[in-house]
Amino acid sequence: GENVEQHPSTLSVQEGDSAVIKCTYSDSASNYFPWYKQELGKRPQLIIDIRSNVGEKKDQRIAVTLNKTAKHFSLHITETQPEDSAVYFCAAKGRNAGGTSYGKLTFGQGTILTVHP
Amino acid sequence: DVKVTQSSRYLVKRTGEKVFLECVQDMDHENMFWYRQDPGLGLRLIYFSYDVKMKEKGDIPEGYSVSREKKERFSLILESASTNQTSMYLCASSNPFGFTSYEQYFGPGTRLTVT
């Protein structure tokens, strides 16, 4: 099955700096890569996603890049703000043993981002 | 508005008890998932269901079972709770036919403590 590795596990930045979180995946057939943000005490929520036919996607201060050849994708947050402090999870939609996925996601280990004012 | 609810926010059970965690979604989604969340380990899939009465094991199914008798409800069962099942349990649902997104919508989580 799919395996997703996420780095770093913790990231501390000053307000206004950029933050980058990286993930690698193992299944070359994976074709959907979302990023979730989980604020303290809250449920994870989708913040941005990218499909395998796109190399980069941007939404205001956040962007995601995908390198299919190297099987890695990254989340970029520019001009960080204290409200960006949260746990971020990457994920990949791979396949189950039968070759289908049913929308099953494999998540990375998470990155605790702290933005200091 | 999308809504996934879980039966309890906090639960304390004793070792050996049978534990039921329930999840309900109101979005008519085919897919439902159960994860456990532990620090440093991310979200690990326990079981998922892609249709009523259909289920598949995830990455860590040992010690758990599931039930999906109705489309909107997905239950996680701990047959005999053990202390190593102390964790945060998250339910999620998604629409597998979403051509623009496979977004999973999460419930608020159940913090289970087994003593």
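Quick notes on this structure:
- Residue count for the range B:5-44 satisfying the condition of being touching a residue at least 24 places away in the same chain (Cβ under 8 Å) and of a type in the set (Gly, Ala, Ser): 3.
- Any chance B:Ser87 is within 21 Å of B:Val24 (Cβ to Cβ) and under 11 Å from the mean Cα position of the chain (by Cα): no
- Filtered residue count, the range B:31-57, keeping only those that are buried (at least 16 other Cβ atoms within 10 Å of the Cβ), within 8 Å of another protein chain (Cβ to nearest Cβ) and of a type outside the set (Ser, Thr, Tyr): 8
- Listed by first and then second residue, the pairs linking a residue in the range B:69-96 that is closer than 16 Å to B:Glu56 by Cα and in contact (Cβ under 8 Å) with a residue 40 or more places away in the chain to a residue that is assigned to a loop (DSSP other than H, G, I, E, B) and aromatic (Phe, Trp, Tyr), with Cβ atoms under 7 Å apart and 6 or more places separating them unless they lie on different chains, are B:Ser94/B:Tyr102; B:Pro96/A:Tyr102.
- Some residue of the range B:61-84 being under 30 Å from A:Asn53 (Cβ atoms) and part of a strand (DSSP E or B): no
- In the range B:1-30, the residues that are at pLDDT 95 or above, surrounded by 14 or more Cβ atoms within 10 Å (Cβ to Cβ) and more than 14 Å from B:Leu112 (Cα to Cα): B:Val4, B:Cys23, B:Val24, B:Gln25
The values are calculated or read from the model by the stated rules, or taken from the named source; none is laboratory data. Small disclaimer: the values here were computed from a predicted structure and weren't measured. Note that each Cβ is placed from the backbone with ideal geometry, even for glycine, and that neighbours are counted across all protein chains shown.
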